[in-house]
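The values are calculated or read from the model by the stated rules, or taken from the named source; none is laboratory data. Because the structure is a prediction, the values reported are computed rather than measured. Note: ideal-geometry Cβ built from the backbone for every residue, glycine included; neighbour counts use all protein chains shown.
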Amino acid sequence: MFDPKERIESIKAGTLAAVSVFLTYSIVTLGNNLLSQIQIATGFNLLVKIAIALLSGFLFGVTYRYIIREDRNSHLKTGAVFAFGLVRGLGQIEVGLNFPDTFWLYALLGVESILLFAIARFTLDLAIYRSWLKPFKSS
(Lines give C-alpha, C1' and ligand atoms only; values in the text may rest on other atoms or scores of the structure.)
Protein backbone atom coordinates (compact mmCIF):
# COMPACT_ATOMS: atom_id res chain seq x y z
CA MET A 1 0.00 0.00 0.00
CA PHE A 2 1.06 3.52 -0.64
CA ASP A 3 1.68 5.93 2.16
CA PRO A 4 -0.31 9.21 1.91
CA LYS A 5 3.03 11.05 2.07
CA GLU A 6 4.13 9.22 -1.09
CA ARG A 7 0.94 10.31 -2.85
CA ILE A 8 1.58 13.92 -1.87
CA GLU A 9 5.13 13.70 -3.21
CA SER A 10 3.77 12.24 -6.46
CA ILE A 11 1.29 15.09 -6.78
CA LYS A 12 4.13 17.55 -6.15
CA ALA A 13 6.26 15.83 -8.82
CA GLY A 14 3.38 15.83 -11.29
CA THR A 15 2.54 19.47 -10.64
CA LEU A 16 6.16 20.58 -10.94
CA ALA A 17 6.62 18.70 -14.22
CA ALA A 18 3.29 20.05 -15.53
CA VAL A 19 4.33 23.63 -14.82
CA SER A 20 7.75 22.98 -16.37
CA VAL A 21 6.27 21.49 -19.56
CA PHE A 22 3.64 24.25 -19.72
CA LEU A 23 6.21 27.05 -19.40
CA THR A 24 8.56 25.44 -21.92
CA TYR A 25 5.70 24.77 -24.33
CA SER A 26 4.48 28.36 -23.95
CA ILE A 27 7.90 29.82 -24.66
CA VAL A 28 8.45 27.55 -27.68
CA THR A 29 4.96 28.27 -29.04
CA LEU A 30 5.39 32.01 -28.61
CA GLY A 31 8.79 31.84 -30.29
CA ASN A 32 7.41 29.79 -33.17
CA ASN A 33 4.56 32.22 -33.66
CA LEU A 34 6.83 35.26 -33.56
CA LEU A 35 9.30 33.72 -36.00
CA SER A 36 6.68 32.60 -38.47
CA GLN A 37 4.45 35.65 -37.92
CA ILE A 38 1.43 33.39 -37.79
CA GLN A 39 -1.40 34.58 -35.61
CA ILE A 40 -1.27 33.04 -32.15
CA ALA A 41 -3.92 30.39 -31.64
CA THR A 42 -6.83 31.70 -29.62
CA GLY A 43 -9.89 30.41 -27.91
CA PHE A 44 -10.72 26.75 -27.63
CA ASN A 45 -7.73 25.61 -29.76
CA LEU A 46 -5.26 27.29 -27.40
CA LEU A 47 -7.02 25.94 -24.30
CA VAL A 48 -6.86 22.38 -25.64
CA LYS A 49 -3.14 22.73 -26.41
CA ILE A 50 -2.44 24.10 -22.93
CA ALA A 51 -4.49 21.34 -21.30
CA ILE A 52 -2.59 18.68 -23.26
CA ALA A 53 0.76 20.19 -22.24
CA LEU A 54 -0.27 20.35 -18.57
CA LEU A 55 -1.67 16.82 -18.51
CA SER A 56 1.35 15.38 -20.34
CA GLY A 57 3.71 17.14 -17.94
CA PHE A 58 1.77 16.00 -14.88
CA LEU A 59 1.71 12.37 -16.01
CA PHE A 60 5.41 12.53 -16.81
CA GLY A 61 6.24 13.93 -13.37
CA VAL A 62 4.30 11.27 -11.48
CA THR A 63 5.68 8.47 -13.66
CA TYR A 64 9.25 9.80 -13.60
CA ARG A 65 9.26 9.80 -9.81
CA TYR A 66 8.23 6.13 -9.75
CA ILE A 67 10.67 5.15 -12.50
CA ILE A 68 13.80 6.61 -10.96
CA ARG A 69 12.99 5.94 -7.28
CA GLU A 70 16.28 6.30 -5.41
CA ASP A 71 18.27 4.90 -8.33
CA ARG A 72 21.11 6.93 -9.86
CA ASN A 73 20.89 5.08 -13.20
CA SER A 74 21.03 7.74 -15.92
CA HIS A 75 19.65 5.25 -18.47
CA LEU A 76 16.37 5.08 -16.54
CA LYS A 77 16.13 8.87 -16.49
CA THR A 78 16.94 9.27 -20.18
CA GLY A 79 14.68 6.36 -21.07
CA ALA A 80 11.74 8.03 -19.34
CA VAL A 81 12.33 11.26 -21.26
CA PHE A 82 12.57 9.46 -24.60
CA ALA A 83 9.58 7.22 -23.87
CA PHE A 84 7.30 10.17 -23.21
CA GLY A 85 8.90 12.39 -25.84
CA LEU A 86 8.74 9.78 -28.57
CA VAL A 87 5.14 8.79 -27.85
CA ARG A 88 4.07 12.42 -28.08
CA GLY A 89 6.42 13.27 -30.93
CA LEU A 90 5.79 10.23 -33.10
CA GLY A 91 2.08 10.95 -32.92
CA GLN A 92 2.76 14.40 -34.34
CA ILE A 93 5.04 12.98 -37.02
CA GLU A 94 2.35 10.48 -37.99
CA VAL A 95 -0.06 13.37 -38.56
CA GLY A 96 2.65 15.04 -40.65
CA LEU A 97 2.69 12.07 -43.02
CA ASN A 98 -0.74 13.22 -44.21
CA PHE A 99 0.74 16.58 -45.21
CA PRO A 100 3.90 15.87 -47.23
CA ASP A 101 4.61 19.56 -47.83
CA THR A 102 4.88 20.24 -44.10
CA PHE A 103 6.30 16.91 -42.89
CA TRP A 104 9.53 18.51 -41.61
CA LEU A 105 7.52 20.93 -39.50
CA TYR A 106 5.87 17.96 -37.79
CA ALA A 107 9.26 16.26 -37.41
CA LEU A 108 10.49 19.41 -35.65
CA LEU A 109 7.48 19.17 -33.33
CA GLY A 110 8.61 15.62 -32.54
CA VAL A 111 12.02 16.89 -31.46
CA GLU A 112 10.28 19.63 -29.48
CA SER A 113 8.38 16.95 -27.54
CA ILE A 114 11.61 15.31 -26.40
CA LEU A 115 12.92 18.74 -25.37
CA LEU A 116 9.78 19.43 -23.29
CA PHE A 117 10.26 16.27 -21.24
CA ALA A 118 14.04 16.74 -20.98
CA ILE A 119 13.45 20.13 -19.36
CA ALA A 120 10.82 18.59 -17.07
CA ARG A 121 13.38 15.92 -16.09
CA PHE A 122 15.98 18.58 -15.32
CA THR A 123 13.44 20.45 -13.20
CA LEU A 124 12.47 17.32 -11.26
CA ASP A 125 16.11 16.26 -10.77
CA LEU A 126 16.90 19.74 -9.44
CA ALA A 127 13.90 19.62 -7.08
CA ILE A 128 15.00 16.20 -5.77
CA TYR A 129 18.62 17.36 -5.42
CA ARG A 130 17.50 20.39 -3.39
CA SER A 131 15.14 18.22 -1.30
CA TRP A 132 12.04 20.10 -2.47
CA LEU A 133 10.76 16.76 -3.67
CA LYS A 134 11.45 13.30 -2.28
CA PRO A 135 12.18 10.37 -4.59
CA PHE A 136 9.89 7.37 -4.34
CA LYS A 137 11.35 4.90 -1.87
CA SER A 138 12.19 1.45 -3.18
CA SER A 139 10.61 -1.32 -1.15
Here are some conditions: (1) without any contact (Cβ under 8 Å) to a residue 60 or more places away in the chain; (2) over 21 Å from LEU23 (Cβ atoms); (3) part of a helix (DSSP H, G or I). SER131 meets all but one. Which one does it not meet?
(3)
In segment 69-110, the residues that are at pLDDT below 90 and β-branched (Val, Ile, Thr):
ILE93, VAL95, THR102
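Criterion first (part of a helix (DSSP H, G or I), closer than 13 Å to LEU16 by Cα and either in contact with a His (Cβ under 6 Å, 6 or more places away or on another chain) or among the hydrophobic types (A, V, I, L, M, F, W, C) (or both)) does PHE58 satisfy it?
On the way: part of a helix (DSSP H, G or I): yes; closer than 13 Å to LEU16 by Cα: yes; either in contact with a His (Cβ under 6 Å, 6 or more places away or on another chain) or among the hydrophobic types (A, V, I, L, M, F, W, C) (or both): yes.
So PHE58 passes the test.
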Contact list please: Cβ distance under 8 Å, first residue in segment 56-67 and touching a residue at least 40 places away in the same chain (Cβ under 8 Å), second residue of a type in the set (Val, Ile, Thr) and surrounded by fewer than 22 Cβ atoms within 10 Å (Cβ to Cβ), pairs at least six apart or on different chains.
GLY57/VAL19; PHE58/THR15; GLY61/THR15; VAL62/ILE11
Going through segment 28-59 one residue at a time, which ones are modelled with pLDDT under 90 and within 15 Å of ALA120 (Cα to Cα)?
VAL28
Evaluation of ASN98 against (1) among the polar types (S, T, N, Q); (2) in a helix (DSSP H, G or I); (3) without any contact (Cβ under 8 Å) to a residue 60 or more places away in the chain (one fails), failing number:
(2)
Of all residues in segment 50-83, how many are of a type in the set (A, V, I, L, M, F, W, C) and over 25 Å from THR29 (Cα atoms)?
3
